[in-house]
Amino acid sequence: MKIDKNTINKIARLSRIKLDDKESEDYINDLNSILDWVEQLNEVNTENVEPLSNISSSILPKREDVSKDANSSDEILENAPDKLEGFFAVPKVVE
Amino acid sequence: MNNLIKGEKHDWEMVIGLEIHAQVKSNSKLFSSSSTKFGSSPNSQVSLVDAAMPGMLPVINKYCVEQAVKTGVGLNAKINNYSVFDRKNYFYADLPQGYQISQYKYPIVGEGKVTIDFKDGTSKDIRIVRLHLEQDAGKSLHDQNPSKTYVDLNRSGVALMEIVSEPDIRTPDEAGMYISKIRSILMYLDTCDGNMQEGSLRADVNISVRKPGDEYGTRCEIKNLNSIKFIKQAINYEAKRQIEILESGGSIEQNTMLFNTSTGKTRPMRNKEEAHDYRYFPDPDLLPLEISDEEIVKIKSSIPELPDELKNKFIETYKLSNYDASVLTAEKQTSDYFNETINSDEELKNHAKIVVNWITSELFSLLNKNNLDLNNSSVSPENLGQLIKLISTNEISGKIAKDVLEDMFSSGKTARQIVDEKGLQQVTDQGEIAKVIDEVIAENQKMVEQYLAGKDKLLGFFVGQAMKLTKGKANPKMLNDILMQKLNKKN
């Protein structure tokens, strides 16, 4: 797989990151060398090998359904750049 | 049944599939301990996990997993021993993580089916593709300020079950019946409260149109409908829109639509260029979810009688029609009420059909008129049973029973009390009825002559007069018989 200009632009847009031409060039090179490195794994024959999701072989820990009263609004809104009556206020998003 | 829509050149058929989002009825969220209570003050039920603070890790709620399995069993579906949580990536102000934890390739529940019943006694299976667990997003308020959107994260992270159907639905009515049936199953199972107004149950509708027998057409998806009425309206509008485009030579663009509840119209939500690319990948914070056969068996054994089983039981035990039985079992409170009524007196078991009618037409219309439901009915099942017994033993007529029911409803008295107090017992004494009829005939000689001359319609008049004299208490059949006898004798 090769990263080209279109792909890098798409990734940047999906990540909401603005890139200038110089940065795009740099990222194309960086990402391509990362992919080339990872692609070495293709040399290994993985036929009939189940995908390994985790090396810890532990099982998914579960919680009981107990709710904790958070009364969190002050804490949660502490870092908000803008808020109103307990709500986060953000630039208008309408679809 | 004709499910087709008339077009300019030929008929059209709708092809509809639903994605239903059902909120799991749990105390805490899917991956955090925050409360799920509806209507709390904004952002008061948001943990650091829900707000996606750096370093926070999700821990799954065991109860939510069990509810999903339970629901899967209720949908006659395959439960998967192995399922995986994935991240569905997108940016939106009410999604602090920047991704929704959902299930993509390996859902917790696989293929199933539900049956819907039509009025004419036929039924149809709608196939289920899958059910998966996912997080709900926060809530955005767009209409409070011209330049701001307000965000409340209380709902963020609440557990949802997304139930996806095959495109087996062909009419707006079927879509309504399908979602009602799912809602009914969820409520019997008690895995979702089914409250559509509060958004505990909402649906996305996929719809396309085609010439019957053709391949599926291009579909559009209408997002986030929270009432059966809106679902039907949106489908009707969208089908018409698509047919108009196709008949004027155009083609359908696959699109996500929004339904405007005040205009009844759909409009596209996002255009194709910006089509979402969700980049699903397994969530590295969560191990795969494994459920053993023993756990599944244990959950299965905890499942109560479901509407379809109950329906078949009613049909078999009480010889009810498929439709009557499905009306009775659509809501758990209705079937409970029926059971309690019919079990209140052995005798009533021979009059099941009458019991059904008194619940689903007389009592329901009184409740509707007063904006109440069975849960807060002032007429208890035992009292309704007593009223029906009075009818079945001919003590009062069906007509008078309706008044008695209204009285019971407003005064809270029993049927027996009202009938005794007001002296409403039916007159079944032959002699007494005959006396009244003689009176009516004597007073209306002219009419009698006209009747005998062939004006048959006057019979109703005589019955009415006699009923008036007995204050409606004469046994209608006896009254009719005796009246006919007497009139015919004159002939």
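Taken together, the values in this text are just the output of simple stated rules run on the coordinates, not laboratory data. It should be emphasised that the depicted structure is a prediction, and the values quoted were computed from it without experimental measurement. Don't worry about glycine lacking a Cβ; one is built from the backbone with ideal geometry, like all the others, and counts go over all protein chains shown.
In this structure, the pairs whose alpha-carbon distance is over 20 Å, taken from A:LYS62/B:LYS25; B:LYS113/B:LYS181; B:LYS105/B:LYS298; B:LYS446/B:LYS486; B:LYS422/B:LYS471, are B:LYS105/B:LYS298.
Taking amide H as placed 1.01 Å from N in the peptide plane, the amide H of A:LYS83 sits under 5 Å from that of A:ALA89, each at least 5 places away or on another chain. Centre-to-centre, using Cα atoms only, segment B:221-288 and segment B:1-77 are separated by 18 Å. Between segment A:49-69 and segment B:383-440, what is the C-alpha centre distance in whole Å? After rounding, the separation between the Cα centres reads 66 Å.
Treat the count of other C-beta atoms within 10 Å as a stand-in for reagent exposure and order A:MET1, B:MET187 from fewest to most.
Details: A:MET1 9, B:MET187 20.
Arranged by neighbour count, lowest to highest, A:MET1, B:MET187 become A:MET1, B:MET187.
The mean sequence distance of close C-alpha pairs (under 8 Å, at least 6 residues apart), as a share of the length of chain B, puts its relative contact order at 14 percent. Estimated at 0.36 nm per residue, the fully extended path between B:ASP125 and B:VAL164 surpasses their Cα-Cα distance by 12.6 nm. Relative to the dominant Cα principal axis of chain B, helix B:307-318 is inclined by about 20°.
When the alpha-carbon atoms of segment A:3-95 are used, the pair Rg, Dmax equals 22.6, 59 angstrom.
Starting from the exponent 0.38 and prefactor 2.2 Å, build the expected Rg for the protein assembly as shown from its residue count and divide its actual Cα Rg by it.
For the protein assembly as shown, the normalised Cα radius of gyration is 1.30.
Name the trypsin sites (Lys or Arg not before Pro) in segment B:290-388 that are in a loop by DSSP and that have at most 14 other C-beta atoms within 10 Å, would you? The partial results should precede the final answer.
On the way: sites: B:LYS298, B:LYS300, B:LYS311, B:LYS313, B:LYS319, B:LYS332, B:LYS349, B:LYS353, B:LYS369; in loops: B:LYS319.
Taking segment B:290-388 and a limit of 14 other Cβ atoms within 10 Å, the loop trypsin sites (Lys or Arg not before Pro) found are B:LYS319.
Bridgeable aspartates and glutamates around B:LYS311 (alpha carbons under 14 Å apart, same-chain partners fewer than 8 residues away excluded): B:ASP117, B:ASP324, B:GLU331, B:ASP336. Measuring max minus min along each principal axis, the C-alpha atoms of chain B give extents of 96, 55, 48 Å (largest first). Phi angles across segment B:73-79 convert, under the Karplus curve 6.51 cos²θ - 1.76 cosθ + 1.60 with θ = phi - 60°, into 3J(HN,Hα) values of 5, x, 9, 6, 10, 6, 9 Hz, Gly and Pro given as x.
Taking 0.36 nm per residue of separation and subtracting the current Cα-Cα distance, fully stretching the chain between B:THR428 and B:THR360 would add 21.6 nm.
When a/c is below 1.5 the answer is rounded, else prolate if a/b is larger than b/c, else oblate, so apply that to segment B:307-422 with a ≥ b ≥ c taken from the square roots of the Cα gyration tensor eigenvalues. Before the final figure, lay out each step's value.
Working: a/c = 2.15, a/b = 1.41, b/c = 1.52.
Judged from the Cα gyration tensor, segment B:307-422 comes out oblate (a/c at least 1.5, b/c at or above a/b).
Against the main long axis of the alpha-carbon atoms of chain A, helix A:21-39 sits at an angle near 70°.
Taken along the Cα-to-beta-carbon direction at a fixed 7 Å, the label points for B:SER392 and A:LYS2 span 8.4 nm.
Against the main long axis of the alpha-carbon atoms of chain B, helix B:381-392 sits at an angle near 30°.
Can you bin segment B:377-478 into rounded, prolate or oblate? Criterion: square roots of the alpha carbon gyration tensor eigenvalues sorted a ≥ b ≥ c, rounded for a/c under 1.5, prolate for a/b above b/c, oblate for the rest.
Values: a/c = 3.10, a/b = 2.65, b/c = 1.17.
Prolate, since a/c reaches 1.5 and a/b exceeds b/c.
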